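Participant: Structure below; questions to follow.
The values are calculated or read from the model by the stated rules, or taken from the named source; none is laboratory data. What you see is a predicted model, and the numbers here were worked out from it, not measured in a lab. Glycine gets a Cβ as well: all are built from the backbone with ideal geometry, and neighbour counts include every protein chain shown.
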Amino acid sequence: MVANPQDSLLEYYGRVRATTLDLCRTLEPEDTVVQSMPDVSPTKWHLAHVTWFFERFVLEVFDARYERFNNQYGYLFNSYYYSAGQMHARPERGFLTRPTLADVVAYRAHVDAAMRSLLQRRADDAALYERTVLGLNHEQQHQELLLTDIKHVFSCNPLRPAVNAALKTAAASGHDTYTFVDGPTGMHRIGAAGGGFCFDNETPRHDVLLHPHRIGTRLVTNQEFREFIDDGGYCNSNLWLSDGWSTINERGWNRPLYWAEDLESEFTLGGQRDIDAHAPVCHVSFYEADAFARWAGARLPTEFEWEIAAAKESLHGNFLESGCWHPMAGSGKQFFGDVWEWTSSSYLPYPGFVPLLGSLGEYNGKFMCNQMTVRGGSCVTAADHIRASYRSFFYPDARWQFLGIRLAKDGIQ
């Protein structure tokens, strides 16, 4: 299923690929080669990797006439598909000054021309359709990564440049007191229900048992997190998991990533700006989210509590024709499209999970260890990825993504 039912697959392909380049229009070539930490990939690498994905997993599978743009690019731009070949070390992607950005753009054009020809010739091929849609959803995930990564790169620049002031930010959470509502209890079904695209880690749909609980009606704000800081939250070992306490002391953390030392301003995609007290706190690790919840006399929701609550919310707002960056809010309760929300659930396969066949089975299944599940999508998540069943995952010390907090409590009122 394409993002807009009125689109043909060819139109969908063109729109997604054009959006990726459009996100780079404010960048200079020098911006696209920097890798500011091992978790960050250079913009140029993202542009090439998503292109290699179509070359390796679509064109080389479905088009016997296809000729590679450069035989070395498979090694340079493979990410983690070991069954597809060896790859350049992730922490060293910033060393790849060559190929140039112009070479990568030419590579994209070469693959796009071959893909358009293939999709026109085999418009009725169901397997090709399915694989192409997976590739497009993969590219949309990298559009999000591209923005979070370039934000980190720019944050390391003393000039504090803006990536793009026009990009959406998380909406204000409101001025009201933080409140909780009773969540559903008993047996409920979660997971992708069918009828559209989903990633394999959203399947299979299955039953979960929810115990009595309450869930927060909105996200935690910057002001509320500031109160945690002012109350000595980063100095109180009783609030922290052991690994979290070790991490914040080893790394010197005493505030969210991108907050200035005076706690008055933060670095954003639009440059340095005053902190909005009523916007959701963002760029906090699982350890910080868990410590805040403990300080607030609460906990983080499980991913199952979150999904059932979110599924009851309707998605509002008109998508832009580009399909990616329009504000979204679930009845004002912020389940969708502001910040990824940490849950207390380890990232694990669902009962009966079956990964994709072949190399693509490495896409999700191999990462189901030592990471925590996040839900909801962020302000830079593609709009057509926003759904209650959508899962992502990060290590508990991750902060460079748009990661925030919703609270929960045991019991009912």
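Participant: Among the residues of the range 328-387, write down those that are more than 12 Å from the chain's Cα centre (by Cα), on the phi > 0 side of the Ramachandran plot and assigned to a loop (DSSP other than H, G, I, E, B).
Facilitator: S331, G332, Q334, G352, N370
Participant: Give, as residue ranges, the strands (runs of 3 or more DSSP E) completely inside the range 123-228 that count at least 2 residues that are in contact with a Phe, Trp or Tyr (Cβ under 9 Å, 6 or more places away or on another chain). Before you say what the answer is, go through the steps one by one.
Facilitator: Working: elements: 180-182, 186-190, 206-210, 213-216.
Hits in the range 123-228: 186-190, 206-210, 213-216.
Participant: If you go through the range 10-17 one residue at a time, do you hit one that is hydrophobic (A, V, I, L, M, F, W, C), surrounded by fewer than 21 Cβ atoms within 10 Å (Cβ to Cβ) and free of Cβ contacts under 8 Å to residues at least 60 places away in the same chain?
Facilitator: Checked the range 10-17: no residue is hydrophobic (A, V, I, L, M, F, W, C), surrounded by fewer than 21 Cβ atoms within 10 Å (Cβ to Cβ) and free of Cβ contacts under 8 Å to residues at least 60 places away in the same chain.
Participant: Quick check on this structure: which one of G195, G135, G174 is over 20 Å from the mean Cα position of the chain (by Cα) and either of a type in the set (A, V, I, L, M) or closer than 30 Å to G270 by Cα (or both)?
Facilitator: It is G174.
Participant: Continuing with this model, one more query. Scanning the range 185-218 for residues that are polar (S, T, N, Q) and in contact with a strand residue (DSSP E or B) (Cβ under 8 Å, 6 or more places away or on another chain), which turns out surrounded by the fewest Cβ atoms within 10 Å (Cβ to Cβ)?
Facilitator: T185
Participant: Looking for whichever is crowded, with 19+ Cβ neighbours inside 10 Å, at negative phi and not assigned by TED's automatic domain parsing to the domain that holds E202 here; the options are L96, L136. Which one fits?
Facilitator: Only one candidate passes the filter, namely L136.
Participant: Residues to consider are R116, R68; find the one that is of a type in the set (K, R), assigned to a helix (DSSP H, G or I) and over 26 Å from the mean Cα position of the chain (by Cα).
Facilitator: Going through R116, R68 in turn, the sole match is R116.
Participant: Right, something else. When the range 294-305 is examined, which residues are found to be within 8 Å of A408 (Cβ to Cβ) and hydrophobic (A, V, I, L, M, F, W, C)?
Facilitator: Result: A298, L300.
Participant: Could you identify the single residue in E266, E250 that is assigned to a strand (DSSP E or B), assigned by TED's automatic domain parsing to the domain that holds L209 and either under 30 Å from G186 (Cα atoms) or of a type in the set (D, E, K, R) (or both)?
Facilitator: Of E266, E250, the one residue that is assigned to a strand (DSSP E or B), assigned by TED's automatic domain parsing to the domain that holds L209 and either under 30 Å from G186 (Cα atoms) or of a type in the set (D, E, K, R) (or both) is E266.
Participant: In addition: Could you please give the count of residues in the range 351-378 that are touching a Gly at 6+ places or on another chain (Cβ under 6 Å) and buried (at least 17 other Cβ atoms within 10 Å of the Cβ)?
Facilitator: Counting residues in the range 351-378 that are touching a Gly at 6+ places or on another chain (Cβ under 6 Å) and buried (at least 17 other Cβ atoms within 10 Å of the Cβ) gives 1.
Participant: Could I ask something else about it? Can you pull out the residues in the range 123-133 that are exposed (fewer than 14 other Cβ atoms within 10 Å of the Cβ) and either among the β-branched types (V, I, T) or at pLDDT 95 or above (or both)? Working first, answer last.
Facilitator: Residues of the range 123-133 that are exposed (fewer than 14 other Cβ atoms within 10 Å of the Cβ), as a first pass: 123-124, 126-127, 130.
Result: A126, A127, E130.
Participant: So which residues in the range 356-387 are modelled with pLDDT of 95 or more and closer than 21 Å to H206 by Cβ?
Facilitator: Q371, M372, T373, V374, R375, G376
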